[in-house]
Amino acid sequence: MKFARILAGTALAALALTSPAPAQDASTVKLALIDGQSGPNGFIGESMRQHLQFFAERKNAAGGVLGGRKFDVVAFDNKFDPQETIVQLQKAIDAGARYVFHGNSSAVAGAIVDFLEKHNRRNPDKSVLYINFAALDPVLTNDKCSFWHFRFDADVNIRTAAITNQIQKDPSIKKVYLFNQDYSFGKAVRAAATQMLKDKRPDIQIVGDELIPLQKVTDFTPYIAKIRATGADAVISANWGNDLNQLVKTGGELGLPVKWFTYFANGEGGVTALGAAGVGRVFAVSEWHMNVPEATSEKMAEEFGKKFNRDLFFYRLNTVITMLAQSMDEAKTTDPKAVALKLETMAFKTPLGDTYVRAQDHQFYQPLYVSVMSDDVPKKLEKTPFGFKTVGMSAAKETEVPTTCKMQRP
Amino acid sequence: MLEQLAISTLNGIIYGMLLFMLASGLTLIFGMMGVLNLAHASMYMLGAYLGYQISKTIGFLPALILGPLALGLGGALLERYGLRRVHQHGHVSELLFTFGVAFMIQEAVQMIWGRIGVPYRVPPELDFPLFRLFDTPYPAYRIFVLVLAVAIFVGLFAILSRSRIGLVIRAALTHPNMVGMLGHNVPQVFMLVFGVGAGLAGLAGVIGGPIFVTSPNMAGALGAILFTVVVIGGLGSLPGALLASLLIGLVQTFAVVMDVSLDDFIKAIGVDAKAGNILGDIQHTTIAQIAPILPYLMLLVMLVVRPRGLFGSRDV
């Protein structure tokens, strides 16, 4: 199976990478996206590429950086694999990219950080900066933090802070069930949720703490029966993919009366899989969603939908591109080290509120929305009658969590 | 406690019966042709997608008939014009052939219906709680699945054990050459079995799609479990497949409820927890945590202890 997947992946990647020949213009600023572009989950990487391209082109149309230089987005297919990532990273660097974007999988993120630490030490004049916009393992901004890594997504602890802020405000929740996948990410969520619930709502009882093998469960009915038996009011779950969709869908089918606090239910494919089972029950946390009433992002979402026939999701990439461009303008160069020094102290006001990078660990903080799936919203997702509706918001400051990062600066 | 027991049993049986519907075709094909049909789970997925498409345009009842028919026909043609030619080059070629088919189906489904899945829902006619089991409303659709699966088993079993064609199929399972010499058209029997197997996989897809999430990933998740069922039950044995399916369904369901670990056991026999913490993580892993991998453990034990499976007549 794997062998064939790799074969097909290679063929697809070859196609994807050869067709749009990137212009070898010395004046462009290359942004390399290293993420999975093939295989069953390739659509996520594809969506990331489209988002990055979309925002880069917008910036280019608005004048680019450093008085007219343009961003040039080039995608490299790492097949979601850490080893392949290194190969593609080297290729990207050889092609002249000094800025690397990546999102899927913290294992891949770790590999990139390790590689760049060495690479940048050996080639100080050719250093490369890593913009992580979706890998959520807290370790990347704690024990493994790096000067060359910036995280522009809210990590596990920050998202959990936003979710527990919401639970804190909801007196109907008295019993919480933790339901996560059995690997580093699921365990990080479980640890953070247990601690934060204890701090914010000591009266809440944690009635279950489940860890399931990653993407192995085919039937969720026993878990639903188990959750029901505990009398839980809410389930916190960082499951993704089938493990999430199947869980919530089965719960809906069997009439389990709980609120689902999820980390990814708003991702692509979520509402299609969940359907009416999720309405009023499934909560998600994000920096933006389609029904945030704000004119510029609404217009962007409309343009994006027309161009790519999919819903705008990675709003944060707009902030990233804008802040990166501003750092370059302020540093008057595209040299990653100079840009990183500007970027790490940057505070930036988006239409949604104040955002800032914390210099100590290079974690970006932004307002976070907790939203619930609803059939009564103006903007629907994936051509279904469903979308997400804001139920709560935490300002950037309210989501800040401590770090153990001791950064080695060049 | 009693409530959970009753619900878990019902859940386990229904899941087991769905597994059986898939495994029955697979085990017959495997037993008869010696071919592990790697495309079987993909046919299940295709069945779910066809079920979605047909119910969207005509209705669920037509989907229930047309979906399996289409897949059955497709399966028969696949055997007649593909597998039969490959057959003479040996098992490895056949295996690779079915593998290729699985890949084709996967890619075709992604091309036609996209990569994020489709909203295939329980049909409104069956979307209501049928009865209350203690406090829990139980969905009618699941009971419908159960009834249908039981009917399929009874039907298949009757055909295999009572009818003339069943006699020939059973004979062809063990002595294909002899059956051929007696003047029966063995290749045609193979084609029939392959077609029916594909049709059953399609039927399982049509009725399983609304319960599970209909997405391109659904084949991968179930494929491995299916092979486990076939091996545990014994190659070519229908009652074996039934028993293995139910066993796996029930074991998984009940294991999930058991939050006990080795650590509890060690404490229970009076060993001090700190002094006895020699096994590390394993000591604290609960049975619930390993529930989804228990079928594979059963597979390993079965292969070691009884390679022919529960009711199989020959070794794997």
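I'd like the residue in the range A:138-153 that is assigned to a loop (DSSP other than H, G, I, E, B) and under 24 Å from residue A:348 (Cα atoms) and, out of all such residues, is nearest to the chain's Cα centre (by Cα).
Residues of the range A:138-153 assigned to a loop (DSSP other than H, G, I, E, B): A:142-148, A:152-153.
Filter again for under 24 Å from residue A:348 (Cα atoms), leaving A:142, A:145-148, A:152-153.
Working: A:142: 18, A:145: 18, A:146: 19, A:147: 20, A:148: 18, A:152: 8, A:153: 5 Å.
This residue is A:153.
Answer yes or no: is there a residue in the range A:196-215 that is of a type in the set (S, T, N, Q) and under 25 Å from residue A:405 (Cα atoms). Step through it out loud before you land on a result.
Going residue by residue through the range A:196-215, those that are of a type in the set (S, T, N, Q) are A:205, A:215.
Within this subset, residues satisfying the condition of being under 25 Å from residue A:405 (Cα atoms) are none.
No: zero hits.
Would you call residue A:304 at pLDDT below 95 and over 22 Å from residue A:395 (Cα atoms)? Explain how you work it out, then say what you get.
Numbers: at pLDDT below 95: no; over 22 Å from residue A:395 (Cα atoms): yes.
Taking the combined requirement at face value, the residue does not satisfy it.
Yes or no: residue A:230 touching a residue at least 40 places away in the same chain (Cβ under 8 Å) and of a type in the set (Ser, Thr, Tyr)?
On the way: touching a residue at least 40 places away in the same chain (Cβ under 8 Å): yes; of a type in the set (Ser, Thr, Tyr): yes.
When the stated conditions are applied, residue A:230 passes them.
Do you know which residues across the range A:162-205 are more than 18 Å from residue A:390 (Cα to Cα), out of contact with any Leu (no Cβ under 6 Å at 6 or more places or on another chain) and acidic (Asp, Glu)?
Across the range A:162-205, the qualifying residues are A:199, A:203.
On the basis of being more than 14 Å from chain B (Cβ to nearest Cβ), without any contact (Cβ under 8 Å) to a residue 60 or more places away in the chain, under 24 Å from residue A:362 (Cβ atoms) and among the polar types (S, T, N, Q), does residue A:168 make the cut? Talk me through it step by step, then tell me what you get.
Values: more than 14 Å from chain B (Cβ to nearest Cβ): yes; without any contact (Cβ under 8 Å) to a residue 60 or more places away in the chain: yes; under 24 Å from residue A:362 (Cβ atoms): no; among the polar types (S, T, N, Q): yes.
Considered against the rule, which asks whether it is more than 14 Å from chain B (Cβ to nearest Cβ), without any contact (Cβ under 8 Å) to a residue 60 or more places away in the chain, under 24 Å from residue A:362 (Cβ atoms) and among the polar types (S, T, N, Q), residue A:168 comes out as no.
Could you please find all residues in the range B:8-29 being modelled with pLDDT under 90 and surrounded by fewer than 24 Cβ atoms within 10 Å (Cβ to Cβ)?
Of everything in the range B:8-29, just one residue is modelled with pLDDT under 90 and surrounded by fewer than 24 Cβ atoms within 10 Å (Cβ to Cβ), namely B:8.
Please determine, by comparing only the residues of the range A:242-301 that are assigned to a loop (DSSP other than H, G, I, E, B) and of a type in the set (Asp, Glu), which one is surrounded by the most Cβ atoms within 10 Å (Cβ to Cβ). Break it down stepwise before answering.
Initial filter on the range A:242-301 (assigned to a loop (DSSP other than H, G, I, E, B)): A:254-258, A:263-269, A:279-281, A:287-294.
Still in the running and of a type in the set (Asp, Glu): A:268, A:287, A:294.
Values: A:268: 19, A:287: 23, A:294: 14.
The extreme case among them is A:287.
Among the numbered criteria (1) in contact (Cβ under 8 Å) with a residue 60 or more places away in the chain; (2) in a helix (DSSP H, G or I); (3) crowded, with 16+ Cβ neighbours inside 10 Å, which one does residue A:107 miss?
Of (1) in contact (Cβ under 8 Å) with a residue 60 or more places away in the chain; (2) in a helix (DSSP H, G or I); (3) crowded, with 16+ Cβ neighbours inside 10 Å, only one is false for residue A:107: (1).
Taking the range B:138-170, which residues are over 18 Å from residue B:200 (Cα atoms) and free of Cβ contacts under 8 Å to residues at least 12 places away in the same chain?
Those that are over 18 Å from residue B:200 (Cα atoms) and free of Cβ contacts under 8 Å to residues at least 12 places away in the same chain: B:161, B:162, B:163, B:164, B:167, B:170.
How about the range A:54-86: which of its residues are among the β-branched types (Val, Ile, Thr) and farther than 21 Å from residue A:134 by Cβ?
At the first step, the residues of the range A:54-86 found to be among the β-branched types (Val, Ile, Thr) are A:65, A:73-74, A:85-86.
Listed by number, the list holds a single entry, A:65.
Which of (1) at the interface with chain B (Cβ under 9 Å from one of its Cβ atoms); (2) aliphatic (A, V, I, L, M); (3) under 18 Å from residue A:368 (Cα atoms) does residue A:273 not meet, given it meets every other one?
(3)
Can you report the number of residues in the range B:109-125 which are touching a helix residue (DSSP H, G or I) at 6+ places or on another chain (Cβ under 8 Å), at pLDDT 90 or above and more than 8 Å from chain A (Cβ to nearest Cβ)?
Result for the range B:109-125: 5.
From A:76, A:54, A:80, which residue is in the same structural domain as residue A:113 (by TED's automatic domain parsing) and either surrounded by 23 or more Cβ atoms within 10 Å (Cβ to Cβ) or part of a strand (DSSP E or B) (or both)?
Selected residue: A:76, the only one of A:76, A:54, A:80 that is in the same structural domain as residue A:113 (by TED's automatic domain parsing) and either surrounded by 23 or more Cβ atoms within 10 Å (Cβ to Cβ) or part of a strand (DSSP E or B) (or both).
Out of all the residues in the range A:375-387, which are closer than 19 Å to residue A:294 by Cα and surrounded by fewer than 21 Cβ atoms within 10 Å (Cβ to Cβ)?
A:376, A:377, A:378, A:379, A:380
Cβ-Cβ distance below 9 Å, separation of 6 or more or different chains: which pairs start in the range A:241-270 with a residue that is facing chain B (nearest Cβ under 7 Å) and end on one that is in a helix (DSSP H, G or I) and of a type in the set (Phe, Trp, Tyr)?
Sorted first by the residue in the range A:241-270, then by its partner, the pairs are A:253/B:141; A:268/A:43; A:269/A:43.
Identify the residue in the range A:176-192 that is in a strand (DSSP E or B) and within 18 Å of the chain's Cα centre (by Cα) and, among all such residues, is nearest to residue A:166 (Cα to Cα).
Filtering the range A:176-192 down to residues in a strand (DSSP E or B) leaves A:176-181.
Filter once more, keeping what is within 18 Å of the chain's Cα centre (by Cα): A:180-181.
Numbers: A:180: 19, A:181: 22 Å.
Ranking the qualifying residues of the range A:176-192, first place goes to A:180.
Before we move on, is residue A:225 surrounded by fewer than 20 Cβ atoms within 10 Å (Cβ to Cβ) and within 12 Å of chain B (Cβ to nearest Cβ)? Show your work before the answer.
Details: surrounded by fewer than 20 Cβ atoms within 10 Å (Cβ to Cβ): no; within 12 Å of chain B (Cβ to nearest Cβ): yes.
Criteria not met by residue A:225.
In the range A:60-118, which residue that is among the hydrophobic types (A, V, I, L, M, F, W, C) and within 11 Å of residue A:36 (Cα to Cα) is modelled with the lowest pLDDT? Don't jump to the end; show me each part of the working.
First, the residues of the range A:60-118 that are among the hydrophobic types (A, V, I, L, M, F, W, C): A:61-62, A:65-66, A:71, A:73-76, A:80, A:86-87, A:89, A:92-93, A:95, A:97, A:100-101, A:107-109, A:111-113, A:115-116.
Going one step further and asking which of them are within 11 Å of residue A:36 (Cα to Cα), we end up with A:75-76, A:80, A:108.
Details: A:75: 96, A:76: 96, A:80: 89, A:108: 93.
Selected residue: A:80.
Is there a residue in the range A:380-387 that is part of a loop (DSSP other than H, G, I, E, B), on the phi > 0 side of the Ramachandran plot and at pLDDT 95 or above?
Restricting attention to the range A:380-387, the residues satisfying the condition of being part of a loop (DSSP other than H, G, I, E, B) are A:380-386.
Filter again for on the phi > 0 side of the Ramachandran plot, leaving A:382-383.
When the remaining residues are screened for being at pLDDT 95 or above, the result is none.
The answer is no; no qualifying residue exists.
The values are calculated or read from the model by the stated rules, or taken from the named source; none is laboratory data. What you are looking at is a predicted structure, and each value in this text was computed from that prediction instead of being measured. As a convention, Cβ positions derive from the backbone with ideal geometry for all residues, glycine included, and neighbour counts pool all protein chains shown.
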